[in-house]
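Presented below is the structure to which this report refers.
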Amino acid sequence: MKDNYDGKKKFKPAQRRFASLSHYGFVLVGILSGILMLLATPVFAQDITSLGSCEGADCGVIKVCKVAGPGVNPTTQFSFTGTLDNNTVPFTLQAGPAPGGNCVRSGKLLIGSQVTVSENPNPGDIVSSITVEPLTALVTENPPTSVTVKVISNAVTEVTFTDQSAKVGYLEICKVAGAGVVSGTPFKFTVPGNPPVKVTVRAGQCSPAIPVSAGNVKITEVFSIMPHPTIVACSTFPNGRQVACTASTSTVQVRPGGISTQTIANITNAMPPCPNCPPPNK
């Protein structure tokens with residue numbers, strides 16, 4: 001500020017400094033990068049940690065895993081919620097191949113805290129199983145999509161969700177030893193699939209549960225010895241699912257669902273009468 005010759009005071013205009021557009025560009029990029037980092041961080045681990053933290057040795061961790069079962073693409077994203085102390089947070093998890101799948105974990109949580117994990121199945125898929133390890137961590141099962149577990153001291157409580165296509169069911173083949181068949185004799189079968197499933201079952205035993213397309217399923221026996229013991233009887237458990245039975249095939253109905261809704265196909269084989277045997281002594 002200074003005096004003019006006319007006695008009036010003259011003010012010097014203030015100079016304003018403006019940041020360059022390139023500076024704002026860097027700021028914008030930084031903000032976007034931070035947002036992307038947050039989006040890339042597993043929401044479950046971040047939010048569960050914020051809901052309940054634990055310091056010291058007497059803490060535990062909750063881990064959630066997602067397995068792609070029959071008919072589910074291993075890269076499919078699934079949405080979940082985790083609830084701790086009445087606070088619910090959403091998170092997503094990409095399915096992975098069996099047996100372990102893909103997993104996320106929480107931070108350290110107070111011992112005895114109870115966490116409810118729920119899945120929102122994708123259209124066309126169903127939750128076929130939920131497992132908890134260790135089993136002592138299980139509080140309540142809320143089938144078919146939710147489970148409540150507790151935090152155990154110095155341990156990881158692992159909850160594994162497995163999904164399958166709603167068009168998939170399970171089939172189990174049991175071989176019954178009929179007349180002339182020695183217990184333990186192996187029998188071979190094919191079950192429709194892409195590619196067809198080859199199964200070997202010993203007389204007196206059963207196969208594992210086999211995932212198949214739900215509907216009528218034809219089980220074809222492959223004979224490898226001559227003369228071979230042919231199919232003489234067929235039945236199912238539950239009852240009422242036997243569709244047809246021939247000397248070499250058994251057709252059964254398989255309903256969509258998990259292993260608990262499987263169809264057990266009982267197939268009985270027996271040796272045919274010997275056509276060239278000598279007549280009995282008189």
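The values are calculated or read from the model by the stated rules, or taken from the named source; none is laboratory data. Bear in mind the structure is a predicted one, so any value in this text is a computation, not a measurement. Ideal geometry is used to build each Cβ from the backbone, glycine not excepted, and the neighbour counts take in all protein chains shown.
Is it true that Val89 is over 29 Å from Val168 (Cβ atoms), assigned to a strand (DSSP E or B) and at pLDDT below 90?
When the stated conditions are applied, Val89 passes them.
Can you pull out every residue in the range 153-176 that is over 25 Å from Ala98 (Cβ atoms) and either outside any loop (DSSP other than H, G, I, E, B) or touching a Ser or Thr at 6+ places or on another chain (Cβ under 7 Å) (or both)?
Residues satisfying the conditions are Lys175, Val176.
Output the number of the condition that Glu141 fails; it satisfies all remaining conditions of (1) of a type in the set (Asp, Glu); (2) surrounded by 15 or more Cβ atoms within 10 Å (Cβ to Cβ); (3) over 18 Å from Gly169 (Cα atoms).
(2) is the only condition that Glu141 fails.
If I ask for residues that are among the small types (Gly, Ala, Ser) and closer than 15 Å to Thr160 by Cβ, which ones from the range 107-146 would you list?
Scanning the range 107-146 gives Ser118, Ser128, Ser129, Ala137, Ser146.
Do we have any residue at all in the range 230-243 that's basic (Lys, Arg), more than 23 Å from the chain's Cα centre (by Cα) and not assigned by TED's automatic domain parsing to the domain that holds Val72?
Yes: the range 230-243 contains one or more residues that are basic (Lys, Arg), more than 23 Å from the chain's Cα centre (by Cα) and not assigned by TED's automatic domain parsing to the domain that holds Val72.
Could you look through the range 144-177, keep only residues that are of a type in the set (Asp, Glu) and over 30 Å from Thr268 (Cβ atoms), and pick out the one that is farthest from the chain's Cα centre (by Cα)?
Among them, the one singled out is Glu158.
Would it be correct to say that Ala209 is modelled with pLDDT of 90 or more, in contact with a helix residue (DSSP H, G or I) (Cβ under 9 Å, 6 or more places away or on another chain) and surrounded by 13 or more Cβ atoms within 10 Å (Cβ to Cβ)?
yes
Would you check which residues across the range 216-249 are modelled with pLDDT of 95 or more, out of contact with any Phe, Trp or Tyr (no Cβ under 9 Å at 6 or more places or on another chain), of a type outside the set (A, V, I, L, M, F, W, C) and surrounded by 14 or more Cβ atoms within 10 Å (Cβ to Cβ) and list them?
The answer is Lys218, Ser235, Thr236, Arg241, Gln242, Thr249.
Among the numbered conditions (1) under 20 Å from Gly71 (Cβ atoms); (2) in contact (Cβ under 8 Å) with a residue 60 or more places away in the chain, tell me where Ile210 comes up short.
Single failed check for Ile210: (2).
Consider Ala179 carefully, then state whether it is farther than 30 Å from Gly124 by Cβ, touching a residue at least 60 places away in the same chain (Cβ under 8 Å) and in a loop (DSSP other than H, G, I, E, B).
yes
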